[in-house]
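K.L.:
Before I ask anything, let me first share the structure, which is written out below as structure tokens.
The values are calculated or read from the model by the stated rules, or taken from the named source; none is laboratory data. Predicted model only: the values in this text are computed from it and were never measured. All Cβ positions, glycine included, derive from the backbone under ideal geometry; neighbour counts span all protein chains shown.
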């Protein structure tokens with residue numbers, strides 16, 4: 001496998017004629033992640049590297065996702081932090097599996113997290129004790 005540099009990733013994307021959103025969809029990451037690769041902020045993971053390698057080798061049909069919808073590429077991306085699909089794509093597989101099979105309660109985890117941040121039901125700071133009350137956290 002060749003090393004994919006920030007410039008190489010950007011050139012590859014231009015060669016295949018894909019937007020950052022399209023390339024991200026092909027390898028299972030967000031457009032912002034592709035932008036981060038291109039700017040050298042971080043490197044693609046092993047799975048993404050393998051898929052990028054296939055694209056580089058001219059086998060993009062092996063990674064092409066026919067379900068990709070480019071109709072909203074011209075719209076402004078919302079922050080990845082606010083995109084549930086992105087957030088779940090960043091969760092470790094073990095936790096995601098627990099959530100998927102019901103072994104962990106996402107709502108309970110979210111309530112505990114809101115309380116640990118001291119945020120009330122309106123999402124604003126109310127203090128730790130009040131947040132625990134509002135979210136029904138006993139401890």
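K.L.:
With respect to the numbered conditions (1) at pLDDT 90 or above; (2) surrounded by 14 or more Cβ atoms within 10 Å (Cβ to Cβ), which one is the sole condition not fulfilled by residue 89?
P.N.:
(1)
K.L.:
For segment 97-139, enumerate the residues that are part of a loop (DSSP other than H, G, I, E, B) and either within 22 Å of the chain's Cα centre (by Cα) or on the phi > 0 side of the Ramachandran plot (or both). Working first, answer last.
P.N.:
Let us first name the residues in segment 97-139 that are part of a loop (DSSP other than H, G, I, E, B), namely 102-105, 117-118, 120-124, 126-127, 136-139.
Within segment 97-139, 102, 104, 105, 118, 123, 127, 136 qualify.
K.L.:
Looking at residue 48, is it surrounded by 15 or more Cβ atoms within 10 Å (Cβ to Cβ), at pLDDT 85 or above and in contact with a helix residue (DSSP H, G or I) (Cβ under 7 Å, 6 or more places away or on another chain)?
P.N.:
Working: surrounded by 15 or more Cβ atoms within 10 Å (Cβ to Cβ): yes; at pLDDT 85 or above: yes; in contact with a helix residue (DSSP H, G or I) (Cβ under 7 Å, 6 or more places away or on another chain): yes.
Spelling it out, residue 48 is indeed surrounded by 15 or more Cβ atoms within 10 Å (Cβ to Cβ), at pLDDT 85 or above and in contact with a helix residue (DSSP H, G or I) (Cβ under 7 Å, 6 or more places away or on another chain).
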